[in-house]
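Let me begin by presenting the structure, written as structure tokens, before commenting on it.
Coordinate-derived values only; no laboratory data. Predicted model, so just to flag it, every value in this text is computed and none were measured. Reconstructed Cβ throughout: ideal geometry from the backbone, glycine too, with neighbour counts over all protein chains shown.
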Amino acid sequence: MSKSSVSGVQNKVVIVTGCSSGIGLATARLFLDRQALVFGIDVGAIPQKLADEHNTFTFHRANLTNSGAVDEAVSQCHQQYGRVDVLVNCAGVSDGWSSADSIHEDEWERVMAINLTVPIRLMKAVLPFMKDQKGGAIVNVASKAGVSGAAAGIAYTASKHGLVGATKNVAWRFHQDGIRCNGVLPGGVATDIASSVQMDHFDPAGFNAFFPIVQMHVSKDSEGTPVPVIGVDDVARGIAFLASDESKMINGALIPIDNAWSTI
Ligand SMILES: NC(=O)c1ccc[n+]([C@@H]2O[C@H](COP(=O)([O-])OP(=O)(O)OC[C@H]3O[C@@H](n4cnc5c(N)ncnc54)[C@H](O)[C@@H]3O)[C@@H](O)[C@H]2O)c1
């Protein structure tokens, strides 16, 4: 059996949101390396190296929170390839550690919009195609904060708990249509996500309450600065497994990728 046939994603049409950076970029690259056709979406710049190296990569630039942006992106993907086999909901932002006593309305709306509303809109947009095809796989990138109250601020925590619930709901509702919906729960990963924190909504008291928990699963450099031990490729491999035929009876699962942080 060849290496590529073991991966179980070759020739699949895969939508990856947040493909310009971090986990989404690593995921897009891994799918391309495994001979999938990737339709990447991001509000940021095109990942030029991916585009240069893979003619099986299409980039669609969009702010997915804009009205109509999700439907337009999915319809462009379907027009181009005639099907959608996999959706990876990866685009997301961090909150500024605000708590129930400090959360600002704008911060709540911003985080919920991209972390929860957009993934649900994307699932709604791809499901008719997956139903017609009698198959498909959705992988939602949630977080340890999707199952813990002690890993982030209230907006991020609520958005990721919401995404966990949506994942299970979609899995059960469509399991007889050959459609699977799973999620990953990464621990801290070294990416650009800190740049999405809006510092005018940063809550130091919230940060101080949660940071000791985060520190329990990171390493430290020689100066004592926390360094994540989980890499973007570690998360990408988990996503690719859940999207592939290798996991065909795994449906509604939320897999921690956090080197045992989930055990506490
Ligand atoms: N980095 C971590 O420690 C960590 C841990 C657990 C879960 N996650 C989750 O992983 C996912 C990816 O995050 P990352 O760490 O790779 O961060 P990142 O900032 O490196 O990448 C996120 C990408 O999403 C894109 N994006 C943000 N808002 C968008 C919008 N409105 N429309 C389109 N694209 C948009 C950004 O431009 C960026 O390219 C997120 O859902 C995040 O919550 C990250």
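With K and R counted +1 and D and E -1, the other residues having a Cβ less than 15 Å from that of SER143 yield a net charge of -1.
Before rounding to the nearest 500, sum -39500 (n - 2.57) across all DSSP H runs of length at least 4 in the chain and divide by the residue total; then give [θ] at 222 nm in deg cm²/dmol. Show your work: numbers first, answer last.
Numbers: 9 runs with 104 residues, N = 264.
Result for the chain, helices only: -12000 deg cm²/dmol.
Express as a percent, rounded to the nearest 5, the fraction of DSSP beta bridges in the chain (both residues included) that run antiparallel.
Here the antiparallel bridges make up roughly 5 percent for the chain.
Residues whose amide H falls under 5 Å from that of ILE255, counting only those 5 or more places apart or on a different chain, are GLY183, VAL184, LEU185, with hydrogens built in the peptide plane. Pairs of Lys residues in region 1-146, spaced 8 or more positions apart or belonging to different chains, with C-alpha separations under 29 angstrom: 10 in total.
Pull out the extension gain between THR263 and ASN11, defined as 0.36 nm times the separation in residues minus the alpha carbon to alpha carbon distance; nm, one decimal.
Roughly 87.1 nm would be gained on extension.
The HN-Hα couplings worked out from phi for region 222-237 by the Karplus form 6.51 cos²θ - 1.76 cosθ + 1.60 (θ = phi - 60°) are 4, 9, x, 6, x, 10, x, 9, 8, x, 4, 5, 4, 6, 4, 5 Hz, whole numbers, x standing for Gly and Pro. Peptides 108-121, 27-40 ranked from most to least packed by the mean count of surrounding Cβ atoms within 10 Å: 27-40, 108-121. A cut-off under 11 angstrom between Cβ atoms defines the neighbours of PRO186, and their net charge, with Lys, Arg +1 and Asp, Glu -1, is 0. Per the Kirkwood formula applied to alpha carbons, region 192-232 shows a radius of gyration over Rh ratio, Rg over Rh, of 1.00.
Can you order the peptides 86-92, 41-47 by their average number of other Cβ atoms within 10 Å per residue, highest first?
On the way: 86-92: 28.4, 41-47: 18.6.
Averaged packing, sorted descending, gives the order 86-92, 41-47.
Using only alpha carbons, build the gyration tensor for region 141-264 and give me the equivalent ellipsoid semi-axes, biggest first, whole Å. Please report the intermediate quantities before stating the final value.
Working: eigenvalues 164, 60, 27 Å².
So the equivalent ellipsoid measures 29, 17, 12 Å along its semi-axes.
Within the shell of other residues whose beta carbon sits under 12 angstrom from the beta carbon of GLY238, the net charge comes to -3, with Lys and Arg scored +1 and Asp and Glu -1. For region 195-202, backbone phi angles converted through the Karplus equation (6.51, -1.76, 1.60; θ = phi - 60°) give residue-by-residue couplings of 5, 8, 6, 8, 5, 6, 10, 6 Hz, Gly and Pro being listed as x. Here the alpha carbons of the chain define both size measures, Rg and Dmax, at 17.8, 57 Å. Between the amide H of ARG180 and those of GLY136, ALA137, ILE138, distances stay under 5 Å, these residues lying 5 or more places away or on another chain, with hydrogens modeled in the peptide plane. The phi torsions of region 142-159, fed into the Karplus equation with coefficients 6.51, -1.76 and 1.60 and a -60° offset, translate into couplings of 8, 4, 3, 5, x, 9, 10, x, 10, 10, 6, x, 5, 5, 5, 4, 5, 5 Hz, rounded to whole numbers, with Gly and Pro shown as x. Here the label points at ASP192 and GLN76, each 7 Å from Cα along the C-beta direction, are separated by 1.8 nm in the simple model. Farthest towards the positive end of the charge dipole of region 3-263, among the residues ILE230, ILE255, ILE41, is the Cα of ILE255, using unit charges on the Cβ of Lys, Arg, Asp and Glu.
In this structure the amide hydrogen of GLN198, modeled in the peptide plane, comes within under 5 Å of the amide hydrogens of GLY96, none closer than 5 places in sequence on its chain. Charged side chains reduced to their Cβ positions (Lys and Arg at +1, Asp and Glu at -1) give region 3-263 a dipole of some 1080 debye around its Cα centre.
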